[in-house]
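Asker: For reference, the structure I am asking about is given below.
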């Protein structure tokens, strides 16, 4: 499953948003908290975790509190996001008397790791930026140890549905990112060899005094589209004015809504021992 994400553009966008991300990523932080809560129902004691698309590394702090002896590998393709994470984690890591965890700037579709090394791969609000989600998930599968856990959140197709519908009406074209459906994600995990996937979803609605406030928030967290086929006219002042005018049709209680569909999932890499069956001998 592929989408045409301009990785170079997205890296620039996230680098620029690194210093404002934590202040405005209210929903993304709530999603991280919700995903951590789901670990209460999972039996695992990981020694090595990769945070895939770690951003400013907030999830790592929560995972370190939960799993006292774990080591976190924070991986993101934005160097500035990782730098913000290092600044934020410096005092925290000293407080818990831990050695510094690792920060790796890399494309998460080309993971720079050997096979079978992570007990857990965590990813929150990140996989929607993959150009080839199949390749991304294959990399995760390979990086996990047998019996390892992949736990993730992502956004579903109903995310920013208002903005998507408006764009299609005006330009006959979507300007939001491609978001994978929950059932398609579950099928993909199974097809790649993961076992026992558990998926659920949750809907959120953020409200704004004006549509321009939504655009500002998206910019401040780096969530503007990075699709290769966006055309320049859609970034013009005239385009924004048309969007704002159409958005009034969604206005309710004097507020403008922005809907989000959040998908939560976890699945296991099969334990190698599960594929081994005892040999039975037939007596003659």
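The values are calculated or read from the model by the stated rules, or taken from the named source; none is laboratory data. Computed from a predicted model, the values in this text were never measured in an experiment. Because the Cβ atoms are built from the backbone with ideal geometry, glycine has one as well, and the counts that use them run over all protein chains shown.
Asker: Can you name the number of the only condition in (1) surrounded by fewer than 21 Cβ atoms within 10 Å (Cβ to Cβ); (2) more than 14 Å from residue 120 (Cα to Cα); (3) in contact with a strand residue (DSSP E or B) (Cβ under 9 Å, 6 or more places away or on another chain) that residue 39 fails?
Answerer: (2)
Each row is one residue, and each column tells you yes or no for (1) at pLDDT below 95; (2) at positive phi; (3) under 19 Å from the mean Cα position of the chain (by Cα).
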position	(1), (2), (3)
91	yes, no, no
96	yes, no, no
100	yes, no, no
106	no, no, yes
125	no, yes, yes
128	yes, no, yes
136	no, no, yes
143	no, no, yes
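Asker: I would also like to ask the following. Taking region 12-26, which residues are in contact with a strand residue (DSSP E or B) (Cβ under 9 Å, 6 or more places away or on another chain) and under 17 Å from residue 54 (Cβ atoms)?
Answerer: So the first thing to find is which residues in region 12-26 are in contact with a strand residue (DSSP E or B) (Cβ under 9 Å, 6 or more places away or on another chain), and the list is 14, 26.
Across region 12-26, the qualifying residue is only 14.
Asker: Just to be sure I understand, how many residues within region 42-52 are in a strand (DSSP E or B) and over 9 Å from residue 74 (Cα atoms)?
Answerer: Of region 42-52, the ones in a strand (DSSP E or B) are 48-52.
Those left that are additionally over 9 Å from residue 74 (Cα atoms): 48.
Final tally of qualifying residues: 1.
Asker: Across region 167-209, what is the number of residues that are in contact with a helix residue (DSSP H, G or I) (Cβ under 8 Å, 6 or more places away or on another chain), at pLDDT below 95 and not in a helix (DSSP H, G or I)?
Answerer: Going through region 167-209 one residue at a time, the tally reaches 8.
Asker: Which residues, taken from region 205-219, are surrounded by 15 or more Cβ atoms within 10 Å (Cβ to Cβ) and in contact (Cβ under 8 Å) with a residue 12 or more places away in the chain? Explain how you work it out, then say what you get.
Answerer: Going through region 205-219, the residues surrounded by 15 or more Cβ atoms within 10 Å (Cβ to Cβ) turn out to be 206, 208, 211, 214-215, 217-219.
Of everything in region 205-219, those that are surrounded by 15 or more Cβ atoms within 10 Å (Cβ to Cβ) and in contact (Cβ under 8 Å) with a residue 12 or more places away in the chain turn out to be 206, 208, 211, 214, 215, 217, 219.
Asker: For residues that are touching a strand residue (DSSP E or B) at 6+ places or on another chain (Cβ under 8 Å), modelled with pLDDT of 95 or more and assigned to a helix (DSSP H, G or I), tally how many sit in region 61-81.
Answerer: 2
Asker: Of everything in region 183-197, what is in contact with a strand residue (DSSP E or B) (Cβ under 7 Å, 6 or more places away or on another chain) and surrounded by 15 or more Cβ atoms within 10 Å (Cβ to Cβ)? Give them in sequence order.
Answerer: Once the filter is applied, which keeps residues that are in contact with a strand residue (DSSP E or B) (Cβ under 7 Å, 6 or more places away or on another chain) and surrounded by 15 or more Cβ atoms within 10 Å (Cβ to Cβ), region 183-197 yields 185, 186, 189, 194, 197.
Asker: So residue 55 fits all but one of (1) assigned to a loop (DSSP other than H, G, I, E, B); (2) more than 16 Å from the chain's Cα centre (by Cα); (3) crowded, with 20+ Cβ neighbours inside 10 Å; what number is the exception?
Answerer: It fails just one condition, (2).
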